[in-house]
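The block underneath contains the structure these notes are about, expressed in structure tokens.
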Amino acid sequence: MLQEFNPPCMFRNMALKEVGLSLPDYMRYKRRLSEKLMKRVFEGDAFYAKE
């Protein structure tokens, strides 16, 4: 389960509960965001806006 790889965090868990987001969904969104960020960094356009 995902909990094995994510130590419990009281603040994260409270925030997720408040917005109604499950831990698996949170981890899925977090991974997508990190993949998008890394793609931008390695494609070289992370600091430059396309004109």
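Taken along the Cα-to-beta-carbon direction at a fixed 7 Å, the label points for LYS36 and MET10 span 3.2 nm. Size descriptors for the stretch 2-43 (Cα atoms only): Rg and Dmax, in that order, 12.4, 36 Å.
Values in this text are rule-based calculations from the coordinates and carry no lab data. Please read these numbers as outputs of a predicted model, since none were measured by experiment. All Cβ positions, even for glycine, are placed from backbone atoms using ideal geometry, and neighbour counts span all protein chains on display.
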